[in-house]
1. Out of the range 147-174, which residues are over 26 Å from Ser217 (Cβ atoms) and under 16 Å from the mean Cα position of the chain (by Cα)?
2. Identify the residue in the range 174-223 that is basic (Lys, Arg) and assigned to a loop (DSSP other than H, G, I, E, B) and, among all such residues, is least open to solvent (accessible area, probe 1.4 Å).
3. Are there any pairs, at least 6 apart or on different chains, whose C-beta atoms fall under 7 Å, with the first in the range 21-37 and assigned to a loop (DSSP other than H, G, I, E, B) and the second at pLDDT 95 or above and among the basic types (Lys, Arg), and if so, which?
4. Being crowded, with 19+ Cβ neighbours inside 10 Å and of a type in the set (Gly, Ala, Ser) is the filter here; which residues of the range 68-88 pass it?
5. Here is a check on your reading of the model: is Ala49 surrounded by 15 or more Cβ atoms within 10 Å (Cβ to Cβ) and either assigned to a loop (DSSP other than H, G, I, E, B) or of a type outside the set (Gly, Ala, Ser) (or both)?
6. Please go through the range 89-111 and give me each residue that is without any contact (Cβ under 8 Å) to a residue 40 or more places away in the chain and surrounded by fewer than 18 Cβ atoms within 10 Å (Cβ to Cβ), ordered by number.
7. Of everything in the range 112-130, what is buried (at least 19 other Cβ atoms within 10 Å of the Cβ) and over 13 Å from the mean Cα position of the chain (by Cα)? Give them in sequence order.
8. Determine the pairs where a residue that is within 25 Å of Phe17 (Cβ to Cβ), located within the range 147-171, has a partner that is basic (Lys, Arg) and in a helix (DSSP H, G or I) with Cβ atoms under 8 Å apart, the partner being 6 or more residues away or on another chain.
Amino acid sequence: MEVAIEASWKEVLKDEFSKSYFQQIVTFLKQEKKAGKTIYPPGPLIFNAFNATPFDKVKVVLIGQDPYHGQGQAHGLSFSVPNGMVQPPSLINIFKELQHDVGIRVPSHGNLTGWAEQGVMLLNASLSVRANEPMSHSKIGWAEFTDSAIRKISEQKTHIVFLLWGKFAQEKQSIIDPGKHLLLKAAHPSPFSADKGFFGCRHFSKTNDYLAKHGVSPIDWQL
């Protein structure tokens, strides 16, 4: 199967597309479609995190768990929603911390494409989900694919900032080389845990300080 994914990522991940687990993902998604299931995000946006942030441009990796499962919310970027959608609670808390940390004004929308285009890879561990069924595609092989992407970034690049929010994201630190990269860990920004160490983490200013220190242009967090 021809995978519509950005050229630099296609090269970096070329071995994955022929592996049996990836073929199983493709077969599973086709079966879901055949059975009349609604899948989010829409097919052309499943690899949006890769297409919006080419491998050569990655500076920061923000790891999420699962796409939004409500109608119109997911567009292939972790924590992000398209223009016109209500900001989800975790994203509201991210913007609160951003305002506190670097003084940006809170955006009127929740579309983080502007970050992705600057090199912030907004990567969910699962790249698809069944409508209204959170984590429904978390065991179909996506984790193997996205772990491979994280490994390639760790191995082939230097001075990347990994934002690991919450227990799930922090489990990924075992495949990241802390000698070459900055791992910033905090509680998840969800309303259930944001006040347990996400608020006040100042990860946005710490990210830019680290990038600047290593001669990399910082992220303009204002959307």
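The values are calculated or read from the model by the stated rules, or taken from the named source; none is laboratory data. Every value quoted in this text rests on a predicted model; they were computed, and no experiment measured them. As a convention, Cβ positions derive from the backbone with ideal geometry for all residues, glycine included, and neighbour counts pool all protein chains shown. What goes into the accessible areas is simple: the full protein's heavy atoms, side chains included, and nothing from ligands, DNA or RNA. Shrake-Rupley method; radii C 1.70, N 1.55, O 1.52, S 1.80 Å.
1. Asp147, Ser148, Gly166, Lys167, Phe168, Gln170, Glu171
2. Step by step, filter the range 174-223, then rank; the result is Lys180.
3. Short answer, once both residue conditions are applied: Lys37/Arg130.
4. Across the range 68-88, the qualifying residues are Ala74, Gly76, Ser78, Ser80.
5. No; evaluated as a whole, the condition is false for this residue.
6. Ile92, Gln99, Gly103, Val106, Ser108
7. Val129
8. Qualifying pairs under 8 Å: Asp147/Lys172; Ile150/Lys172; Phe162/Lys172.
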